[in-house]
1. Is it the case, given these coordinates, that Asp173 is surrounded by fewer than 24 Cβ atoms within 10 Å (Cβ to Cβ) and acidic (Asp, Glu)?
2. Are any residues in segment 470-483 farther than 14 Å from Ala380 by Cβ and surrounded by fewer than 24 Cβ atoms within 10 Å (Cβ to Cβ), and if so, which ones?
3. Which of (1) of a type in the set (Ser, Thr, Tyr); (2) more than 28 Å from His358 (Cβ to Cβ); (3) at pLDDT 95 or above does Ser85 not meet, given it meets every other one?
4. Taking the stated definitions as given, is Gln365 closer than 22 Å to Gln319 by Cα and surrounded by fewer than 23 Cβ atoms within 10 Å (Cβ to Cβ)?
5. Looking only at segment 316-365, filter to residues that are aliphatic (A, V, I, L, M) and part of a strand (DSSP E or B); which one of those is farthest from the chain's Cα centre (by Cα)?
6. Among the residues in segment 252-262, are any farther than 23 Å from His362 by Cα, out of contact with any strand residue (DSSP E or B) (no Cβ under 9 Å at 6 or more places or on another chain) and hydroxyl-bearing (Ser, Thr, Tyr)?
7. Within segment 380-411, take every residue that is of a type in the set (Asp, Glu) and surrounded by 24 or more Cβ atoms within 10 Å (Cβ to Cβ) and give me the one that is farthest from Phe216 (Cα to Cα).
Amino acid sequence: MSRSSLRRTVAGGATLAAGAALLAGVAAPTAGAQPAATSAAAAVPAGLVPVRTLTSLLGTHAWYAQTFHGLPVVDGYYAVHTLTSGTSVADGRRSVPATLVTTPALTAQTALGRAASARTAAASAAAGKAVAAGHPKNAPLAPAVAGDSRATLAVVGGPDAAIVWQVITTGDDGESRTLVDARTGAVREVRSLSKNAEGPAATPAGTDATGTASVFDPNPVVALRDESLTDGKDANSAVPNRAYVTVALPRLLPGSTTLSGRYAKVTKAAGGLAKSAGHDFTYRRADDRFEQANAYYGIDKAQAYIRSLGFTDVNNEPQRLHVDTYKGDNSFYSPTQDTITYGTGGVDDAEDLEVVWHEYGHAIQDAQVPGYGSSEEAGATGEGFGDYWAVSMAQPTSRGFDDPCVMDWDSTSYTTTVPHCLRRTDTGKTVADMTGEVHDDGEIWSNALWDVHQALGRDEANRIVLEAQFSYTPDTSFAAAARVTVATARSLYGDPAARTVRQAFAARGIL
């Protein structure tokens, strides 16, 4: 959402958890390290740790994380893309002096204390900025303050290279990372991480079960075409029964009595997990179990659609979900935990599938590109893709009701104008309108993708967008990502499609 929730919430996990942690977004890197074309796969340099290898429609993508003397280098990455059109390398390694001292002068315990103070101050500043701006929903996601913290040594590369304690804090309010200089004790950076996707977890053998649920698809405002609806403090009476639709919940794991499936898994929820031996998860919205069923349905539906396009390696896992566990008006994707958390402020976020799908968009991108979004423009493409993915997923059931409006139901709690929209994918914004805020600038990117969707059709557009993202870099620029997307359109559908995609980006001033 345009709240910190639907802003920057995702990360890249991996078969090697350590490798994934290296790439979870942290210190602002040098933006835009782009793939360099090669005629054959280059030998992988020393000092790299495999993170994951993914298969797309056009080839394979091998990702590595940079190390120095066995320590992770923050945001250092290396990727080899072997496609039908040739092989390319994306080299995002950070320079580290060979003489850098890697022995800490500061204990981990001291670093944890300094990080805690810095996180508290940063969270207060973020809250103040939101109030001052008069738009708290567009505030930067505050660093997680509550929860467990752990400190590990890492290296920051670049002109101010240093050995640091990397402090990861995880709690119900999200995840954050603080870098504390391990020699001087200075806090180098405090940043919200709330954004890892591991490989597919082992699942029980046997025949999957199919459950039943009542859900909103995509949300009550769209289903009833009624902008006057309000939350009514979660009352059943606030939303007419005709807004609900009875659906099947497929792919529930054999033997499971909870919402645990091949593509989605509710692992934590307010009031405990919904349980049914007969797989009947039919509730109304005043019952917190309704949001669990709604979120499961939305994530399962999105992954099933992705697979219908031919992809089998786009967030190929049961996505873990925490439902109604955050009491603020926010939702977020947490990187090291590989979880999406849905909040309860205003409209319970998991009641609006466009919120559910926006957050899943972050999980998708970081599954494809470990640590995605480590530059401002990459972050903006992430927010833009999340918004685009939400409206594209909603389009088949919206029956044309203001498709470009993002989160029509959730936004009724914090907008006064009609139609109620958190953001839109048809604002007409161009790069001349950039503000440096990832949600604002994301509307530029989402508008380009929506124009491609309108011109080429939903399935063709989404194959192009999803395939292209495999070859983005974590710190990509608008222009670099757009060029990759145009090239992908050409490889998949030929020159006419490539021209259409280029025109969409040109209209936004990106190309």
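The values are calculated or read from the model by the stated rules, or taken from the named source; none is laboratory data. Here the structure is a predicted model, which is why all the values come from computation and not from measurement. With ideal geometry, Cβ positions are generated from the backbone for all residues, glycine too; neighbour counts draw on all protein chains shown.
1. On the way: surrounded by fewer than 24 Cβ atoms within 10 Å (Cβ to Cβ): no; acidic (Asp, Glu): yes.
Here the answer is no, as Asp173 does not meet what is asked.
2. Keep residues of segment 470-483 that are farther than 14 Å from Ala380 by Cβ, which gives 470-471, 473, 483.
Selection gives Arg483 alone.
3. Status for Ser85: all satisfied but (3).
4. Details: closer than 22 Å to Gln319 by Cα: yes; surrounded by fewer than 23 Cβ atoms within 10 Å (Cβ to Cβ): no.
No, not satisfied.
5. To start, the set of residues in segment 316-365 that are aliphatic (A, V, I, L, M) comprises 321, 323, 340, 347, 350, 353, 355-356, 363-364.
Narrowing the set further to residues that are part of a strand (DSSP E or B) leaves 321, 323, 340.
Values: Leu321: 13, Val323: 16, Ile340: 9 Å.
Taking the candidates together, the pick is Val323.
6. Going residue by residue through segment 252-262, those that are farther than 23 Å from His362 by Cα are 252-258.
Adding the requirement that they be out of contact with any strand residue (DSSP E or B) (no Cβ under 9 Å at 6 or more places or on another chain) leaves 257.
Going one step further and asking which of them are hydroxyl-bearing (Ser, Thr, Tyr), we end up with 257.
Yes, segment 252-262 has at least one match.
7. Initial filter on segment 380-411 (of a type in the set (Asp, Glu)): 383, 387, 402-403, 408, 410.
Next, from what is left, pick out any that are surrounded by 24 or more Cβ atoms within 10 Å (Cβ to Cβ): 383, 387, 408, 410.
On the way: Glu383: 23, Asp387: 18, Asp408: 12, Asp410: 12 Å.
Checking each candidate, the answer is Glu383.
Every residue, every condition in (1) touching a Lys or Arg at 6+ places or on another chain (Cβ under 8 Å); (2) farther than 17 Å from Thr415 by Cβ; (3) surrounded by 24 or more Cβ atoms within 10 Å (Cβ to Cβ), yes or no:
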site	(1), (2), (3)
Gln319	yes, yes, yes
Thr325	yes, yes, no
Asn330	yes, no, yes
Pro335	yes, yes, yes
Thr344	yes, yes, no
Ala350	no, yes, yes
Val355	no, no, yes
His358	no, no, yes
